[in-house]
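> Can you read through this structure? Questions will come right after.
The values are calculated or read from the model by the stated rules, or taken from the named source; none is laboratory data. Predicted model, so just to flag it, every value in this text is computed and none were measured. As a convention, Cβ positions derive from the backbone with ideal geometry for all residues, glycine included, and neighbour counts pool all protein chains shown. What goes into the accessible areas is simple: the full protein's heavy atoms, side chains included, and nothing from ligands, DNA or RNA. Shrake-Rupley method; radii C 1.70, N 1.55, O 1.52, S 1.80 Å.
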Amino acid sequence: MDVPLELSAYTRVLRLASTPSWEEFSQISKIAGAGILLIGLLGFLIFLVMEGLTGF
C-alpha cells in the first residue's frame, strides 16, 4: 500500500472537483426527484395489481 501515491490521487480529485452552480444543482434535483416519484409510482402500481390479484 503506497500511501503517498494514494494521497496524491485524492488531492488531484479534490482539486478538479468544484461546487455546482445553482442551475446545475436545480436540474440535478429535478431529475432525481422525478426518478424518485417514478419509482414510487411504479411500486404503488405493482402494489395495486397484487392487491387486485389476491383480492379474489
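> Has the range 29-51 got any residue that is open to solvent by less than 90 Å² (accessible area, probe 1.4 Å), acidic (Asp, Glu), on the phi < 0 side of the Ramachandran plot and part of a helix (DSSP H, G or I)?
no
> Condition (residue is open to solvent by 100 Å² or more (accessible area, probe 1.4 Å), over 23 Å from the mean Cα position of the chain (by Cα) and free of Cβ contacts under 8 Å to residues at least 40 places away in the same chain) applied to the range 13-24: is it met by at least one residue?
So far as the range 13-24 goes, yes, one or more of its residues are open to solvent by 100 Å² or more (accessible area, probe 1.4 Å), over 23 Å from the mean Cα position of the chain (by Cα) and free of Cβ contacts under 8 Å to residues at least 40 places away in the same chain.
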